[in-house]
Amino acid sequence: MSRNKPDIVGNLPQGLVFVISAPAGTGKTTLSHMVCKGLAPHIVESTSCTTRKPRKKEVPGRDYHFLTKEDFLQKVENNEFLEHAEVFGNYYGTLKSDIEKVINQGKHLILVIDTQGAMKLKEFFKAVFIFIAPPTLEELEIRLRKRKTESDEIIAERLKWAYTEIERAENYDYFIINEHLDSAYEALKSIVIAEEYRNRDLI
Ligand code: 5GP
């Protein structure tokens, strides 16, 4: 009697954590959604907490847990965050409880976080660190303008911050340039698959 063919991922007793950082407008959210869909149900995205206001089309609990500054700081005080950082004047953080729940089910988890949070995490947490870069900063500016969610002032601030983020890319395990979405997606998916098959000291 032949057994059903197992899926290519989702065969570890505990899921892995993939940390993705990229300057705003690089396509990290799109890529992360694509890989979660492509390898469903074995990989999911973590929902961060933030104190920034929801953008149009963002759904509370799906895109972010939108918190007041007071609630966020209370969680910091209660040590509920695995990591947290201030980005563009707002707080962002990843809840420890969300992570444990997912990886204990054998599912992989994607954290889309900024480079400050990622570098802090790297000091004490086992994860696979992936940096996604735009082809050029000019292209990044075009993409940010196209999405029409930010004012000129915010776009200028985000571009300036993009330089700092790109300088930190060398600290990541993988580096993907998102020039063509489909190729970047294939690269990201391949990394997830390869990491599942890495020879780890599991016994
Ligand atoms: P946005 O406001 O555009 O959604 O996100 C701004 C930045 O905050 C992005 O670089 C995003 O990856 C980062 N970010 C989102 N969630 C978290 C988080 O939980 N922790 C940290 N450190 N950064 C986050």
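Given the structure, is Glu170 at pLDDT 95 or above, exposed (fewer than 12 other Cβ atoms within 10 Å of the Cβ), in a helix (DSSP H, G or I) and not aliphatic (A, V, I, L, M)? Against the criterion (at pLDDT 95 or above, exposed (fewer than 12 other Cβ atoms within 10 Å of the Cβ), in a helix (DSSP H, G or I) and not aliphatic (A, V, I, L, M)), Glu170 qualifies.
Yes or no, residue by residue, for (1) on the phi > 0 side of the Ramachandran plot; (2) touching a residue at least 24 places away in the same chain (Cβ under 8 Å); (3) of a type outside the set (Gly, Ala, Ser):
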position: Val17; (1), (2), (3): no, yes, yes
position: Ala40; (1), (2), (3): no, no, no
position: Lys56; (1), (2), (3): no, yes, yes
position: Phe72; (1), (2), (3): no, no, yes
position: Lys75; (1), (2), (3): no, yes, yes
position: Leu82; (1), (2), (3): no, yes, yes
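In the set (1) under 23 Å from His108 (Cα atoms); (2) surrounded by 12 or more Cβ atoms within 10 Å (Cβ to Cβ); (3) modelled with pLDDT under 95; (4) of a type in the set (D, E, K, R), the condition left unmet by Glu80 is number (3).
Filtered by the rule that a residue be within 8 Å of the ligand (Cβ to nearest atom), assigned to a loop (DSSP other than H, G, I, E, B) and in contact with a helix residue (DSSP H, G or I) (Cβ under 8 Å, 6 or more places away or on another chain), the range 13-69 gives Ala22, Pro23, Ala24, Ser46. The set of residues in the range 140-167 being touching a helix residue (DSSP H, G or I) at 6+ places or on another chain (Cβ under 9 Å) and outside any helix (DSSP H, G or I) consists of Glu150 alone.
Select from the range 88-138 the residues that are charged (D, E, K, R) and in contact (Cβ under 8 Å) with a residue 12 or more places away in the chain and write down the one among them that is nearest to the ligand (Cβ to nearest atom). Filtering the range 88-138 for residues that are charged (D, E, K, R) and in contact (Cβ under 8 Å) with a residue 12 or more places away in the chain, the one nearest to the ligand (Cβ to nearest atom) comes out as Asp114. Consider the range 1-53. How many of its residues are more than 19 Å from Ile103 (Cβ to Cβ) and of a type in the set (A, V, I, L, M, F, W, C)? Final tally of qualifying residues: 5.
Could you look through the range 87-97, keep only residues that are more than 14 Å from the chain's Cα centre (by Cα) and either surrounded by 13 or more Cβ atoms within 10 Å (Cβ to Cβ) or of a type in the set (S, T, N, Q) (or both), and pick out the one that is modelled with the lowest pLDDT? For the range 87-97, the residue satisfying everything is Phe88.
Rundown of residues vs (1) farther than 21 Å from Val87 by Cα; (2) of a type in the set (S, T, N, Q); (3) in contact with a strand residue (DSSP E or B) (Cβ under 7 Å, 6 or more places away or on another chain), yes/no style:
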position	(1), (2), (3)
Ile142	yes, no, no
Thr149	no, yes, no
Ile155	no, no, no
Arg158	no, no, no
Tyr163	no, no, no
Arg168	no, no, no
Leu181	yes, no, no
Ser190	yes, yes, no
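The values are calculated or read from the model by the stated rules, or taken from the named source; none is laboratory data. This one's a predicted model, so the numbers in the text were calculated from it and none came from an experiment. For neighbour counting, all protein chains shown are included, and Cβ atoms are generated from backbone atoms with ideal geometry for every residue, glycine included.
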